[in-house]
1. Using Cα pairs under 8 angstrom and six or more residues apart, how large is the relative contact order of the chain, in percent?
2. If one computes the Cα centroid of the range 226-249 and of the range 166-203, what distance in Å separates the two points?
3. Can you bin the range 352-397 into rounded, prolate or oblate? Criterion: square roots of the alpha carbon gyration tensor eigenvalues sorted a ≥ b ≥ c, rounded for a/c under 1.5, prolate for a/b above b/c, oblate for the rest.
4. Can you divide the C-alpha Rg of the chain by 2.2 N^0.38 Å and report the result to two decimal places?
5. Could you give each residue of the range 269-279 its phi-based ³J(HN,Hα) in whole Hz, using Karplus coefficients 6.51, -1.76, 1.60 with θ = phi - 60°, and x for Gly or Pro?
6. Using the alpha-carbon centroid of each, what span in Å lies between the range 267-332 and the range 93-117?
7. Run the 1.4 Å probe and let me know the accessible area of Y241, rounded to the nearest 10 Å².
8. Using a Gaussian network model of the chain with C-alpha springs under 10 Å, which one of N55, N208, N77 is most mobile by mean-square fluctuation?
Amino acid sequence: MSGSEVFGRAVPFRVVVMFRFFCMRNFIIILFSAFLLSVAVSCGHATQDTVTAGNNLYARGFSLSDCDGYKILDIRNPWDTLRLLHRYLLVPKGAAIPDSMPQGTLLRTPLGRVAVYASQHCAVMSRLGVEGNVAGICDAYYVADTVVKKRLKQGEIVDLGSSFLPDMERLVSLSAEAIILSPYKDGSYGKAGELGIPLVEIADYMENSPLARAEWIKVFGALFDCGALADSAFSVTCSRYDSLAAMAAVAVERPTLFCELKTGGVWYQPCGESYMAALYRDAGIDYLWSDTPGTGSLSLSFEEVLSRAVHADLWVFKYADETRDRRLSDLAREFAPYSGFDAFKNGGVWGCNSVKSPFFEDLAVSPDRVLHDFMLMAHPELFSADDTAFYFKRLEK
């Protein structure tokens, strides 16, 4: 554009100056507005589309903001990380509801009776001393926590059935103040979403490191009004985890590892950016699919796993069997080609019976204890001879 033309048309110089002034003024207004939006706290000013990690040390999936008389809990959409999955407005019980709150799901804190879909979230509540608030739980068969099992047996906790298809009649009978569950991509919650009970979506399993996942204890601290205890518990976990990881970092050799068992025609392995891949790495292990993107799971064929893992040093997997622990002969009987892996031949197979061992529960809240097990498998020379694994057992013949 020349000094006397606008969009190719000749105009007086005064008009050109006025046009430029108008453009500059509007540009400044837009820029200033963007600045105000960027510095505004989330208390009523942040958009519903984005969420930041705030003051979190590791976790990227949630943000907690203190506002005037309430808190905002933002849960990031793990499958579209630039958008919100859910916003919760946490108002203390007995307090007046502020007039100028943003849109979101209202939760009166501390929460009382709750339904919990996943046993690992019961473990987080136990760590905070509020396990008595669990009124119902899904997938009770897989619960390993002895206290929760006892309460289930005594009828203090209601078995809600499968987390994919909970018993609606039992769920309604709980008079729960909230349902705590794990979201999944493109999923709906069926009739549970129509009950009018707030759904608290805990996407901790989509974090990319064990400590990031463990930091979600702060969310539970906010929900149950025990934030100071949550901060303290997380600090202890971080200290223990970092100390162990520092030990593993000096190990000279890094054994190779693959995991899990074939399910039908599919063999799942954690993606290379998942928290399990990070756990293996921190244990001084060379995880064979560490080069793959994503935080979820890979769906592989048996042939794909065999071609990459046939000479692996370690093979670890979880299973659920209340009757007895698995043996190598059981694996060979279930699927004969399992015996072709070097780990099978050389005593490198380790199994975790998840109905007897709280692996999944502790993974969410005490990843330092799980890290110790993997380090003991991979680098026994770093520990005393009488130190034993807590969750895993080496499979016998």
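The values are calculated or read from the model by the stated rules, or taken from the named source; none is laboratory data. This is a predicted model, so every value here is computed, not measured. Using ideal geometry, Cβ is built from the backbone for each residue, glycine included, and neighbour counts are taken over all protein chains shown. SASA here: full protein model, heavy atoms, side chains in, ligands and nucleic acids out. Shrake-Rupley method; radii C 1.70, N 1.55, O 1.52, S 1.80 Å.
1. Value for the chain: 13 percent.
2. Between the Cα centres of the range 226-249 and the range 166-203 lies a distance of 31 Å.
3. Oblate, since a/c reaches 1.5 and b/c is not below a/b.
4. Against the compact-globule rule of thumb, the ratio is 1.22.
5. Per residue, the Karplus-derived 3J(HN,Hα) values read 10, x, 5, x, 9, 7, 5, 5, 4, 5, 5 Hz.
6. What the calculation gives is 40 Å, centre to centre.
7. 10 Å²
8. N55
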